[in-house]
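The values are calculated or read from the model by the stated rules, or taken from the named source; none is laboratory data. Just so you know, these numbers come straight off a predicted model, no measurement behind them. Note: ideal-geometry Cβ built from the backbone for every residue, glycine included; neighbour counts use all protein chains shown. Quick note on the areas: whole protein, heavy atoms, side chains included, nothing else; ligands and nucleic acids left out. Shrake-Rupley method; radii C 1.70, N 1.55, O 1.52, S 1.80 Å.
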Amino acid sequence: MLVAATVLGAGGAFALPSAPPSGPASPGGPGAGGTRGDQDESNGRRGDRENRGDKGDRSEESGRPGSSGSGSARPSTTPPPTAASGPPAAASASTSASASASASASASVSASAKPSAVARPAPAGAVLAAAEAGPGAGLPTAQGLQQALATVLTDQNLGTVGLAVADAADGQLLYGKGENTAATPASTTKLATSVAALSLIPGDTRLATRVVKNAATGGITLVGGGDPTLTALPADQVQVAGVPADPDTAPASLDALARQTAAALKAAGTTTVVLDYDVSLYTGPPLHKNHDGENIAAVTPLMVDEGKVDPKSLADAPARVTDPAGAAAESFANLLKAQGVTVQGRAKAAAAPAAADAPVLGRVDSPTMARLVERMLTTSDNTLAEAIARQAAIAAHQPAAFEGAATAVTQELTRLGVPMTGVVLNDGSGLHPGNAIPPAVLVKLLGLAASAQHPTLRPVLTGLPIAGFTGTLGKRFGAGSGAADAAGLVRAKTGSLSGVNTLAGTVVDADGRQLAFALMTRTGAPVDTARAAMDRVVARLAACGCR
């Protein structure tokens, strides 16, 4: 049986048959804080260094996860079925072996899209708790929540605090403290990017990297489709989340593309070619305002291994090549040579975009958009976040640039009914210190992702790191934090810029009810101390029914 998946390439979207398978008054207001950010999420290994960026969220974990048409046309698919809710995800931190396995499974499962080639089996524990969880469980009350949180919220290590707590089942706001005051979101910006992208782009969409014939030069053109996870590594060296990649999450292979291309060329009697590369999919400057050559690569539609100098590096902020597209083309030329095809001279940027009807010599495809969103959220991957934001811009008929992506996300969230008062977006990753989002908006985004009316947004929840187990929460909520009892019960997106720490996600309370929360702080306390104080706030939510 074949299942059709949607592919986005530089030329556009097409069907691919696949085998089944803030100001001073706010906690970190706009413009405040350091220039880099969530790469400080390294559990204190680098401390709160100002010049480390949002990729820091990626470093809390012991390992890191995961034909032609109009490029701006929105692919059409039939609506996917609604995901059913089930019992709470993880039971307790004490069941480490089983909880870890279940956590890993649930982190990678998405009920977001119609059945696709990468559909995964349902996890042992469902992502969402049933609305009626717990016999006769009632909603927490504002008074109950206020009493339960009073002590932990006065911890001086938190500094200025903004908090929103809601019922995840229907998004009803239950408690707030400065919930409508915009604050610097840092990497929780990625929640906005993810919701907008999955609303605009079908979850089974894949990003295609192609090689086509170039009629103008008589050579071949490597066409970037916006997939930063494309890898030049051999299959047995590829890791996602610090472990060998499975078929569902494995990135597209540049070597496989070279093999396809070489076979097609040799079949036509060609063993020497001229190579250029097409990066016309994106517009505008490739460098983020806070680009440092480590926390994020230059944002181009063609790169391999996210532009790392060492593709196997597990460093918190690996060195990046200065020209990701050129480096990718050079790597491709070397792989062609290994297949018996020589590239004359050095590959150059194409003089013009590849023709829409150019014969295709080879093509490889990324994991689905649902899987890419999950990987981006779990690891807080800045480069991938900006790539996904650009795909959202293309789908929304906006320029595939930082500004266009921010406009696309803003417009789509508005269409979804998200209250956008106070929201300022400048990028898709959260590296920009001028971003601003109120806690109530982050909770609204989580509520949309949990809503039965928006099953395509489910990867926003399944991609959230699990406290004590996965991604950027892998080394939080641990022994000595005062929050260990909540390990496995919390799934949340982390955020960090200099002096700013944020956390937004879901928690299962003592009655088995799923709550959504957003906690945003600005403090001068040491980063590890501030995060532990935040974790204790969330752990208090887990420990009470708060009625």
**Asked** Considering 375, 390, 415, which residue is open to solvent by less than 10 Å² (accessible area, probe 1.4 Å), basic (Lys, Arg) and either farther than 23 Å from residue 210 by Cα or in contact with a helix residue (DSSP H, G or I) (Cβ under 8 Å, 6 or more places away or on another chain) (or both)?
**Response** 390
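Can you pull out the residues in the range 252-309 that are polar (S, T, N, Q) and either over 24 Å from residue 432 (Cβ atoms) or within 18 Å of the chain's Cα centre (by Cα) (or both)?
Residues of the range 252-309 that are polar (S, T, N, Q), as a first pass: 253, 260-261, 270-272, 280, 283, 290, 295, 300.
253, 260, 261, 270, 271, 272, 280, 295, 300 - these are the residues of the range 252-309 that are polar (S, T, N, Q) and either over 24 Å from residue 432 (Cβ atoms) or within 18 Å of the chain's Cα centre (by Cα) (or both).
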**Message:** Take the conditions in a helix (DSSP H, G or I), surrounded by fewer than 24 Cβ atoms within 10 Å (Cβ to Cβ) and modelled with pLDDT of 95 or more and apply them to residue 194. Does it pass?
**Reply:** no
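Results for (1) crowded, with 24+ Cβ neighbours inside 10 Å; (2) touching a Cys at 6+ places or on another chain (Cβ under 8 Å); (3) more than 17 Å from residue 377 (Cβ to Cβ); (4) modelled with pLDDT under 95, shown as yes or no for each residue.
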| residue | (1), (2), (3), (4) |
| --- | --- |
| 473 | yes, no, no, no |
| 480 | no, no, yes, yes |
| 489 | yes, no, yes, no |
| 493 | yes, no, no, no |
| 505 | yes, no, no, no |
| 521 | yes, no, yes, no |
**Message:** Suppose we filter the range 225-252 for residues that are in contact with a Lys or Arg (Cβ under 9 Å, 6 or more places away or on another chain) and either over 21 Å from residue 295 (Cα atoms) or in a loop (DSSP other than H, G, I, E, B) (or both); how many remain?
**Reply:** 11
**Asked** Is there a residue being in a helix (DSSP H, G or I), over 29 Å from residue 507 (Cβ atoms) and over 18 Å from the mean Cα position of the chain (by Cα) anywhere in the range 439-449?
**Response** no
**Request:** Note down all Cβ pairs under 9 Å where the first residue falls in the range 179-191 and is closer than 13 Å to residue 444 by Cα and among the acidic types (Asp, Glu), the second is modelled with pLDDT under 95 and open to solvent by less than 10 Å² (accessible area, probe 1.4 Å), and they're at least six residues apart or on different chains.
**Result:** none
**Message:** Is it the case, given these coordinates, that residue 422 is open to solvent by 10 Å² or more (accessible area, probe 1.4 Å) and over 20 Å from the mean Cα position of the chain (by Cα)?
**Reply:** yes
**Request:** Kindly list the number of the only condition in (1) of a type outside the set (A, V, I, L, M); (2) over 13 Å from the mean Cα position of the chain (by Cα); (3) closer than 25 Å to residue 223 by Cβ; (4) open to solvent by less than 10 Å² (accessible area, probe 1.4 Å) that fails for residue 399.
**Result:** (4)
**Item:** Filter pass, residue 511 being under 22 Å from residue 175 (Cα atoms), open to solvent by 10 Å² or more (accessible area, probe 1.4 Å) and not β-branched (Val, Ile, Thr)
**Value:** yes
**Request:** Hey, could you check the range 294-330 for residues that are small (Gly, Ala, Ser) and open to solvent by 30 Å² or more (accessible area, probe 1.4 Å) and say which is nearest to residue 380 (Cα to Cα)?
**Result:** 315
**Request:** Only residues that are open to solvent by less than 10 Å² (accessible area, probe 1.4 Å) and more than 27 Å from residue 297 (Cβ to Cβ): list them for the range 425-440, please.
**Result:** 438, 439
**Complete:** Scanning the range 241-287 residue by residue, those surrounded by fewer than 18 Cβ atoms within 10 Å (Cβ to Cβ), under 26 Å from residue 428 (Cβ atoms) and β-branched (Val, Ile, Thr) turn out to be 283
**Fill in**
So, first residue within 14 Å of residue 194 (Cα to Cα) and of a type in the set (A, V, I, L, M) in the range 436-460, second residue at pLDDT below 95 and outside any helix (DSSP H, G or I), Cβ within less than 6 Å, six or more apart or across chains; the pairs are 450/128; 450/168
**Complete:** Exception for residue 338 within (1) within 30 Å of residue 491 (Cα to Cα); (2) at pLDDT 95 or above; (3) surrounded by fewer than 20 Cβ atoms within 10 Å (Cβ to Cβ); (4) among the aliphatic types (A, V, I, L, M) falls at (1)
**Request:** Please work out if residue 202 is under 30 Å from residue 270 (Cα atoms) and assigned to a loop (DSSP other than H, G, I, E, B).
**Result:** no
